[in-house]
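Participant: Pasting a structure here, questions to come.
The values are calculated or read from the model by the stated rules, or taken from the named source; none is laboratory data. If you're wondering where the values come from, they're calculated on a predicted model, not measured in any experiment. Virtual Cβ from ideal backbone geometry, glycine too; neighbours counted across all protein chains shown. When the accessible area is computed, the model is the full protein with side chains, heavy atoms only, and any ligands, DNA or RNA have been set aside. Shrake-Rupley method; radii C 1.70, N 1.55, O 1.52, S 1.80 Å.
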Amino acid sequence: KMNKILKSITAEFSTKTIVLIPICAGINLVGGSIAGALKLPVFLDLIGTILGAALGGPWVAAVIGFVTNLFLALVSNPTYFPYVLVSIAVGLQTGYMIKAGCFRHVIGVIFTCLVATLLSTFVTSCVTVFFFGGVTGATGASVVTAGLIASFGNIWIGVLTSAFFENLLDRGIAFAVAYIVLKTIPKRFISQYQQNALKKK
């Protein structure tokens, strides 16, 4: 059973999908750097991961997420690195849901986005509380988070509430952009990757 799992993971990493990793990570880095520099209340560092999940698979997306957070931590803000757990989790979740056919229709994309939002909210909140004591200062939402913690008088409720709305906005933008990009990519290009996972039945 373990051999089957390892084979399915390694099968994702063909020459074509390996080439996707730096390209998709680059897309994430541009978005993440802009969001970090402008202190926007979103991250904008997931578009490339979603594209990687759609074209390469869940484990390719996980690697893209890891590379993205590593570079953002080095060039933008060190606080990004612990959130590598969020990027990997969302990459795997999105990749497996796409494999199951969730990107064949808009409703499936919305559902995948909502699941990613809930997963991101949970993992982000755990990282924010355990690594940073509730507030990171990395995005514009940190002020809102601090205000909510003070209002509710409870660090978990404040962080979870802030993380949910922040991630809902960010994931909504990321999934919408990624889906539009996938729709505009020529079918000849997509046919080299997970065409069946994206093709309407």
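Participant: Do we find that Thr128 is modelled with pLDDT of 95 or more and of a type in the set (Ser, Thr, Tyr) in this structure? Show your work before the answer.
Facilitator: On the way: modelled with pLDDT of 95 or more: no; of a type in the set (Ser, Thr, Tyr): yes.
Against the criterion (modelled with pLDDT of 95 or more and of a type in the set (Ser, Thr, Tyr)), Thr128 does not qualify.
Participant: Is the stretch 132-154 home to any residue that is modelled with pLDDT of 95 or more and in a helix (DSSP H, G or I)?
Facilitator: Filtering the stretch 132-154 down to residues modelled with pLDDT of 95 or more leaves none.
No, that holds for no residue.
Participant: Let me confirm something: among Thr117, Thr112, Thr68, Thr124, which residue is buried (at least 16 other Cβ atoms within 10 Å of the Cβ), free of Cβ contacts under 8 Å to residues at least 60 places away in the same chain, in contact with a Ser or Thr (Cβ under 8 Å, 6 or more places away or on another chain) and not in a loop (DSSP other than H, G, I, E, B)?
Facilitator: Numbers: Thr117 fails: in contact with a Ser or Thr (Cβ under 8 Å, 6 or more places away or on another chain); Thr112 fails: free of Cβ contacts under 8 Å to residues at least 60 places away in the same chain; Thr124 fails: in contact with a Ser or Thr (Cβ under 8 Å, 6 or more places away or on another chain).
From the options Thr117, Thr112, Thr68, Thr124, the qualifying one is Thr68.
Participant: Let me ask another. Restrict the check to the stretch 53-72 and report whether at least one residue is polar (S, T, N, Q) and under 14 Å from the mean Cα position of the chain (by Cα). First the steps, then the outcome.
Facilitator: First, pick out the residues of the stretch 53-72 that are polar (S, T, N, Q): 68-69.
From what's left, under 14 Å from the mean Cα position of the chain (by Cα): 68-69.
So far as the stretch 53-72 goes, yes, one or more of its residues are polar (S, T, N, Q) and under 14 Å from the mean Cα position of the chain (by Cα).
Participant: To continue, here is another question. Consider the stretch 32-52. How many of its residues are of a type in the set (Gly, Ala, Ser) and at pLDDT 90 or above?
Facilitator: First, pick out the residues of the stretch 32-52 that are of a type in the set (Gly, Ala, Ser): 32-33, 35-37, 48, 52.
Pick out the ones that are also at pLDDT 90 or above and you get 48, 52.
Matching residues across the stretch 32-52 total 2.
Participant: Okay, moving on. When the stretch 12-30 is examined, which residues are found to be open to solvent by 10 Å² or more (accessible area, probe 1.4 Å) and either assigned to a loop (DSSP other than H, G, I, E, B) or closer than 20 Å to Thr124 by Cα (or both)?
Facilitator: Glu12, Phe13, Ser14, Leu29
Participant: Does Leu55 fit the bill of being buried (at least 22 other Cβ atoms within 10 Å of the Cβ) and modelled with pLDDT under 90? Give the derivation first.
Facilitator: Values: buried (at least 22 other Cβ atoms within 10 Å of the Cβ): yes; modelled with pLDDT under 90: no.
Taking the combined requirement at face value, the residue does not satisfy it.
Participant: Quick one: which residue in Ile9, Ile50 is open to solvent by 10 Å² or more (accessible area, probe 1.4 Å), out of contact with any Cys (no Cβ under 8 Å at 6 or more places or on another chain) and touching a residue at least 24 places away in the same chain (Cβ under 8 Å)?
Facilitator: Details: Ile50 fails: open to solvent by 10 Å² or more (accessible area, probe 1.4 Å).
Result: Ile9 is the single residue among Ile9, Ile50 that is open to solvent by 10 Å² or more (accessible area, probe 1.4 Å), out of contact with any Cys (no Cβ under 8 Å at 6 or more places or on another chain) and touching a residue at least 24 places away in the same chain (Cβ under 8 Å).
Participant: Continuing with this model, one more query. Output the number of residues of the stretch 31-47 satisfying the condition of being in contact with a Ser or Thr (Cβ under 8 Å, 6 or more places away or on another chain) and surrounded by 15 or more Cβ atoms within 10 Å (Cβ to Cβ).
Facilitator: Going through the stretch 31-47, the residues in contact with a Ser or Thr (Cβ under 8 Å, 6 or more places away or on another chain) turn out to be 32-33, 35-37, 39-43, 45-46.
Checking which are surrounded by 15 or more Cβ atoms within 10 Å (Cβ to Cβ) leaves us with 32-33, 35-36, 40-43, 45-46.
Result for the stretch 31-47: 10.
Participant: If we keep just the residues of the stretch 71-104 that are without any contact (Cβ under 8 Å) to a residue 12 or more places away in the chain and closer than 23 Å to Phe130 by Cβ, which is least open to solvent (accessible area, probe 1.4 Å)?
Facilitator: Among residues in the stretch 71-104 that are without any contact (Cβ under 8 Å) to a residue 12 or more places away in the chain and closer than 23 Å to Phe130 by Cβ, the one least open to solvent (accessible area, probe 1.4 Å) is Ala73.
Participant: Right, another one. Confirm whether Ala62 is within 28 Å of Pro186 (Cβ to Cβ), without any contact (Cβ under 8 Å) to a residue 60 or more places away in the chain and touching a helix residue (DSSP H, G or I) at 6+ places or on another chain (Cβ under 9 Å). I'd like the intermediate steps shown before the answer.
Facilitator: Numbers: within 28 Å of Pro186 (Cβ to Cβ): yes; without any contact (Cβ under 8 Å) to a residue 60 or more places away in the chain: yes; touching a helix residue (DSSP H, G or I) at 6+ places or on another chain (Cβ under 9 Å): yes.
So Ala62 passes the test.
Participant: Also, quick follow-up: When the residues of the stretch 160-193 are narrowed to those that are of a type in the set (Val, Ile, Thr) and modelled with pLDDT of 85 or more, which ends up surrounded by the fewest Cβ atoms within 10 Å (Cβ to Cβ)? Spell out the reasoning first.
Facilitator: To start, the set of residues in the stretch 160-193 that are of a type in the set (Val, Ile, Thr) comprises 161, 173, 177, 180-181, 184-185, 190.
If we keep only those that are modelled with pLDDT of 85 or more as well, we get 161, 173, 177, 180-181, 184-185.
Values: Thr161: 19, Ile173: 17, Val177: 17, Ile180: 9, Val181: 15, Thr184: 7, Ile185: 14.
This residue is Thr184.
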